[in-house]
Structures are given as structure tokens and as C-alpha cells.
Amino acid sequence: IAHDIAMAERLAEQVRAHPDLELLAHGMSIVCFRYAPKGVEPGPELDALNWRLLGAVQLGGRSSLSGTVVDNAFALRACMVKPGTCEEDVQALVEDVRRMDWAARFAAG
């Protein structure tokens, strides 16, 4: 359990450090965040972008996320419960979210 919490804290730190990611909630082994690039205002457009981003990350097959709603905003939800999760996995998750932006934007249109 301590390892899972430490990996979640590492993810929260990486989200806080990235200018296009926004931490929405964090506790125990769960981190809820969203991709919030400049030029996309909070609301339905940003929620839809993150919904498409969630699908792109899931289809990418390397990282696992689910979705949820935090304070009326759609959020990407990472739950660290696998004992084998390491810092490289956490970094890969952040990279996948950032890398899949093109797919999510393309799907819009």
C-alpha cells in the first residue's frame, strides 16, 4: 500500500509540474487530473477533449486510465494499485497523455 501511495504522489508531482496538466484531486493511490492546454477554456470543450484523450490513451495499450467527474469537470483517473508499478510507468503515463493530444484533437474533427 505504501508503494502505491508513493507512486500516486509521484504522478501528482509530475502533473503539478507540467503546464498543460491540471491536478483535480489526489488521495491515497488515486490521482485525478486533466489535460488543459492553453487556448481551451474549462467547460464542455475541455471535457470533450479529455474524454477523447482517455480513449486514445486506452487504445494506445501502454497506460491505463479511467474517467470520472470532479467538481463538474471530466477528469482522467489513475489508480495505482499494482505492486510492480515503478517511476518509469508513472512517467510513461504522463508521456502517453501528452503524446495522445494529437489523436484526441484529430478525433474532434
Contact list, first residue from the range 23-34 and open to solvent by 30 Å² or more (accessible area, probe 1.4 Å), second anywhere and among the β-branched types (Val, Ile, Thr) and assigned to a loop (DSSP other than H, G, I, E, B), beta-carbon distance below 9 Å, six or more apart or interchain, is 28/1
What is the number of the single condition among (1) in contact with a Ser or Thr (Cβ under 9 Å, 6 or more places away or on another chain); (2) surrounded by fewer than 20 Cβ atoms within 10 Å (Cβ to Cβ); (3) outside any helix (DSSP H, G or I) that residue 3 does not meet?
-> (3)
Scan (1) in contact with a Phe, Trp or Tyr (Cβ under 7 Å, 6 or more places away or on another chain); (2) open to solvent by less than 40 Å² (accessible area, probe 1.4 Å); (3) more than 14 Å from residue 94 (Cα to Cα) for the single condition residue 55 breaks and write down its number.
-> (1)
Apart from one, (1) more than 17 Å from residue 101 (Cα to Cα); (2) open to solvent by 20 Å² or more (accessible area, probe 1.4 Å) all hold for residue 42; the odd one out is (1)
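Tell me, yes or no, whether the range 57-75 has at least one residue that is assigned to a strand (DSSP E or B), among the small types (Gly, Ala, Ser) and in contact with a Ser or Thr (Cβ under 8 Å, 6 or more places away or on another chain).
Step one: of the range 57-75, the residues assigned to a strand (DSSP E or B) are 66-70, 73-75.
With among the small types (Gly, Ala, Ser) added as a condition, the list becomes 66-67, 73, 75.
Subset that is in contact with a Ser or Thr (Cβ under 8 Å, 6 or more places away or on another chain): 75.
The answer is yes, given that some residue of the range 57-75 is assigned to a strand (DSSP E or B), among the small types (Gly, Ala, Ser) and in contact with a Ser or Thr (Cβ under 8 Å, 6 or more places away or on another chain).
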So residue 7 fits all but one of (1) within 14 Å of residue 93 (Cβ to Cβ); (2) without any contact (Cβ under 8 Å) to a residue 12 or more places away in the chain; (3) over 13 Å from the mean Cα position of the chain (by Cα); what number is the exception?
-> (2)
Answer from 10, 16, 62 - the residue that is on the phi < 0 side of the Ramachandran plot, of a type in the set (Lys, Arg) and surrounded by 15 or more Cβ atoms within 10 Å (Cβ to Cβ) | 10
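The values are calculated or read from the model by the stated rules, or taken from the named source; none is laboratory data. Bear in mind the structure is a predicted one, so any value in this text is a computation, not a measurement. Cβ sites come from the backbone with ideal geometry, for glycine too, and all protein chains shown count toward neighbours. Accessible surface areas use protein heavy atoms only, side chains included; no ligands, DNA or RNA. Shrake-Rupley method; radii C 1.70, N 1.55, O 1.52, S 1.80 Å.
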